[in-house]
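In what follows, a structure is listed as structure tokens, so that the remarks can point back to it.
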Amino acid sequence: MAVEMEVADGQCRLRPFSCELGLLSRPDGSAAFLQGDTSVLAGLYGPAEAKISKELPDRAALEVLLRPKVGLPGVLERSREQLLRQTCEAVLLGVLHPRTAISLVLQVLSDAGSLLSCCLNAACMALLDAGLPLAALFCGVTYALQPDGAILLDPTARQEQEARAVLTFAIASSDRKVLMATTKGSCSVEEMQQCLAAAQRAASTIFQFYRDSVRRRYSKN
Amino acid sequence: MKATPLSNCERRFLLRAIQEKKRLDGRQCYDYRNIRVSFGADRGCCIVELGRTRVLAQVSCELVPPKPSRPTEGVLFFNLELSPMAAPGLEPGRQSELLVSLNRLLERCLRDSKCIETESLCVVAGEKVWQIRLDMHLLNHDGNITDAASIAGIVALCHFRRPDVSVQGEEVTVYTPEERDPVPLSIHHMPICVSFAFFHQGTYLLVDPTEREERVMDGLLVIAMNKHHEICTIQSSGVVMLLPDQILRCSKITAVKVAEITELIQKALENDQKARKEGGKFGFAESIPNQRITTFKMESAAVDTNDVEEQAGEIIAKADPPSEVFASPVVHTPGTAQIGEGIESSWGDLEESEKEEAAEEEGESEAAAFECEKVETEDTSTLKETKSDEPIVLSDSEEEEVVILEPQELPRKTRTQTSIKQENPSKKAFNKRRRKKRTSR
């Protein structure tokens with residue numbers, strides 16, 4: 001189902017978001033995050049005993065795995081794992097759990113565009129659900145630059161294909177700092193800054209969504 | 001992540017409970033856990049929940065040349081992955097004994113039972129056939145992976161639609177979903193596995209064991225059957241010797257369970273088909289129950305991006321102006337060029353400083369005395385080289401570069417030279433040479 005987005009008078013729309021927390025019984029923290037038809041399931045184990053080879057003396061060793069739906073993980077998954085790991089490490093207070101291991105596994109359930117930002121959101125929700133100490137929250141925002149120069153928030157797979165450039169940012173909740181930025185395609189400095197400014201605004205909406213869903217999770221009724 | 005072993009008291013407690021015909025989740029011995037099937041937005045994608053065990057299945061297809069021994073039959077490929085998400089202790093990409101046996105069992109259940117018509121997957125005999133690939137991922141391990149995976153597998157296969165093809169003479173046309181409706185696979189019957197766990201040398205029997213029960217069981221019997229009461233596969237494993245009447249009793253239970261599960265699957269498939277036909281909402285987002293407090297949904301939200309252009313302009317205006325960049329190469333002397341920032345090439349500067357140092361060394365040769373011998377000899381050779389063509393020191397750096405390029409001068413020399421005289425990484429020197437080569441070509 002393709003949810004078409006209207007771009008009317010400079011307004012971008014996020015697709016309908018939904019998330020389910022703690023849906024898996026085995027992991028210490030789990031979350032399913034859905035953005036439109038894109039969905040990612042995240043499961044987190046830890047902090048737990050680490051293998052001696054992976055143990056770090058001063059902080060927790062974080063491992064991120066991204067599993068594609070069809071076939072084995074390839075180069076694309078590896079590079080995304082790196083981006084996700086570095087983003088998580090930036091906010092995770094790993095020094096509080098030295099010599100332990102934290103493993104975060106992300107499973108793609110369906111890819112209908114903006115997959116990396118959905119992965120980021122799912123990862124943050126899983127970290128939240130596991131109750132790990134974090135310096136800040138983070139969210140993923142994807143923008144697509146259309147051939148006519150207009151920017152498009154949270155693009156679908158088709159819009160991503162047609163776009164001139166696709167930009168994904170990880171924004172931290174503290175001061176809306178940029179934790180990670182990755183682009184595909186070519187764009188000018190102005191366009192990049194535009195997308196970044198817009199991403200910081202979209203982040204507010206997403207953080208409000210995080211807040212509401214966690215409030216609901218810990219509400220009594 | 002390491003798996004937690006089961007303690008002896010837990011083991012004893014579980015076995016005692018089983019003797020008293022009690023199960024931890026309050027089920028009776030022959031009860032199955034609740035099954036929930038949800039479909040994704042794509043065709044051939046489903047998640048099956050059996051209690052808390054979850055399996056994701058996705059079917060995909062591809063046109064491939066057939067096997068030479070069977071030129072008119074499509075290829076079926078099944079793969080179950082035990083994702084490290086499912087349980088601690090599962091490692092990615094490791095072919096554990098459990099995984100191999102599960103994959104083999106599912107292959108026997110789905111392929112060897114001939115439930116999928118492979119001849120209908122042939123496009124051009126001996127040249128092109130469809131390869132149907134079924135990927136299954138275990139998302140949460142709470143026992144009885146076999147049954148959950150077999151249900152997920154057959155549901156995904158039933159849900160899948162492959163693109164329509166037409167053959168006209170030699171030409172094969174594959175139609176997109178917009179051009180022609182994709183066609184379903186022809187499935188003759190639905191084999192479904194039912195697992196039985198045996199305890200105390202087969203005295204006690206439980207249907208659909210959970211993970212805890214699987215850890216203390218003595219033996220496992222898996223029967224795959226379709227709704228026509230045809231047995232597709234039987235596998236008995238573990239250290240239990242079964243009597244013929246036990247197997248007969250199990251097959252009777254299987255027949256009942258399979259009839260129930262098949263009905264449930266068909267209902268789920270019909271519901272999804274109806275939702276798709278009527279243009280209603282479908283996909284994973286719809287399968288999440290609304291009333292649960294662990295779930296939260298947000299409607300499509302607008303983000304105001306009205307004045308981002310101004311904001312971006314401001315940021316750029318405030319930022320330091322970027323240093324001038326020459327997009328076109330700067331030609332210093334004929335046959336050379338430089339691309340990059342500034343007119344003065346940074347590496348040219350380095351070379352000059354290098355040479356200055358070289359000149360210094362020329363004056364006080366004792367300075368190099370503490371260096372190792374090999375390096376020293378090389379150094380002197382380069383010194384000679386600078387001596388031999390004195391004017392280079394004065395000229396700009398290009399000519400010196402040319403000297404390095406000459407085949408009789410080993411590139412190693414320059415590398416050692418730079419590494420001794422300055423902390424300039426040898427890689428940089430190497431790059432310089434490469435850049436030089438490219439531009440001089």
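Read-outs throughout are calculated quantities, based only on the coordinates presented, and are distinct from any laboratory measurement. Given the structure is predicted, the values throughout are model-derived calculations rather than measurements. Cβ atoms come from the backbone with ideal geometry, glycine included; neighbour counts cover every protein chain shown.
Over the whole of B:306-315, what's the average partner chain Cβ count within 10 Å per residue? Rounded to a whole number, please. Please list the in-between numbers first.
Details: counts 5, 2, 12, 8, 2, 7, 10, 4, 2, 6.
Other-chain Cβ atoms within 10 Å of each residue's Cβ, averaged: 6.
Using only Cα atoms and rounding to the nearest 10 degrees, what angle (0 to 90) does helix A:189-217 make with the longest principal axis of chain A?
Once rounded, the angle reads 50 degrees.
What trypsin sites (Lys or Arg not before Pro) in region A:32-82 are in a loop by DSSP, with at most 15 other Cβ atoms within 10 Å of the Cβ? All intermediate terms of the calculation are to be shown ahead of the outcome.
On the way: sites: A:LYS51, A:LYS54, A:ARG59, A:LYS69, A:ARG78, A:ARG80; in loops: A:LYS51, A:LYS54, A:ARG59, A:LYS69.
Taking region A:32-82 and a limit of 15 other Cβ atoms within 10 Å, the loop trypsin sites (Lys or Arg not before Pro) found are A:LYS51, A:LYS54.
Please compute the average number of Cβ atoms from other chains found within 10 Å of each residue's Cβ in peptide A:101-112.
On the way: counts 2, 1, 5, 2, 8, 2, 8, 3, 11, 9, 2, 4.
Per residue, the number of nearby Cβ atoms from other chains is 5 on average.
I need to check one value: relative contact order of region A:48-182, counting alpha carbon pairs closer than 8 Å and at least 6 residues apart, in percent.
Values: 246 pairs, mean separation 30.7, N = 135.
Relative contact order of region A:48-182: 23 percent.
In peptide B:76-83, what is the residue-averaged number of other protein chain Cβ atoms found within 10 Å of each Cβ?
Details: counts 0, 0, 0, 3, 0, 3, 0, 7.
Other-chain Cβ atoms within 10 Å of each residue's Cβ, averaged: 2.
Write down the Kirkwood hydrodynamic radius of region B:42-199, to one decimal in angstroms, obtained as one divided by the mean of 1/r over all alpha carbon pairs.
Details: mean 1/r = 0.0600 Å⁻¹.
The answer is 16.7 Å.
Only loop residues by DSSP count here, and only those with at most 11 other Cβ atoms within 10 Å; note down the trypsin sites (Lys or Arg not before Pro) in region B:18-70 that meet that. Mind dumping the intermediate values first?
Numbers: sites: B:LYS21, B:LYS22, B:ARG23, B:ARG27, B:ARG33, B:ARG36, B:ARG43, B:ARG52, B:ARG54; in loops: B:LYS21, B:LYS22, B:ARG23, B:ARG27, B:ARG33, B:ARG43, B:ARG52.
Loop-located and lightly packed - B:LYS21.
Longest span of chain A, sites excluded, free of GluC sites (Glu not before Pro) in DSSP loop with at most 15 other C-beta atoms within 10 Å?
Numbers: sites that count: A:GLU4, A:GLU6, A:GLU55.
It works out to A:56-221.
State the Kirkwood hydrodynamic radius of region A:96-189 in Å, one decimal place, computed from all pairs of distinct Cα atoms.
Numbers: mean 1/r = 0.0681 Å⁻¹.
Final number for the Kirkwood radius of region A:96-189 is 14.7 Å.
Please list the radius of gyration and Dmax for region B:44-104, considering alpha-carbon atoms only, with Å as the unit.
In Å, with Rg to one decimal and Dmax whole: 15.2, 44.
Taking the Cα atoms of region B:112-257, what is the range of coordinates along each of the three principal axes, in descending order and whole Å?
Rounded to whole Å, the extents work out to 65, 31, 26 Å.
Based on a Kirkwood Rh over C-alpha pairs, give the Stokes-Einstein translational diffusion coefficient of region B:182-273 at 37 °C and viscosity 0.692 mPa s in µm²/s. Don't skip to the end; give the middle numbers.
Details: Rh = 14.4 Å.
Roughly 228 µm²/s, to the nearest whole number.
How much space per residue, in cubic angstrom, does the convex hull of the C-alpha atoms of region A:1-116 take up?
Enclosed volume per residue, from the Cα hull, is 140 Å³.
Please report the Cα spread of chain A along all three principal axes, rounded to whole Å, starting with the longest.
53, 43, 38
How high is the FRET efficiency from B:LYS2 to B:ARG36, r the C-beta distance, R0 30 Å, rounded to 0.05?
Numbers: r = 31 Å, r/R0 = 1.02.
E between B:LYS2 and B:ARG36, to the nearest 0.05, is 0.45.
Name the trypsin sites (Lys or Arg not before Pro) in region A:130-221 that are in a loop by DSSP and that have at most 10 other C-beta atoms within 10 Å, would you?
Counting only loop positions with at most 10 other Cβ atoms within 10 Å, the trypsin sites (Lys or Arg not before Pro) in region A:130-221 are A:LYS220.
With Kirkwood's inverse mean 1/r over C-alpha pairs for Rh, give me the Rg to Rh ratio of region A:142-204, two decimals please. Please report the intermediate quantities before stating the final value.
Values: Rg = 11.1 Å, Rh = 11.6 Å.
Answer for region A:142-204: 0.96.
How would you rank B:56-68, B:128-140, B:97-109, highest first, on the average number of other Cβ atoms within 10 Å across their residues?
Values: B:56-68: 18.6, B:128-140: 22.9, B:97-109: 16.7.
Packing order, densest peptide first, comes out as B:128-140, B:56-68, B:97-109.
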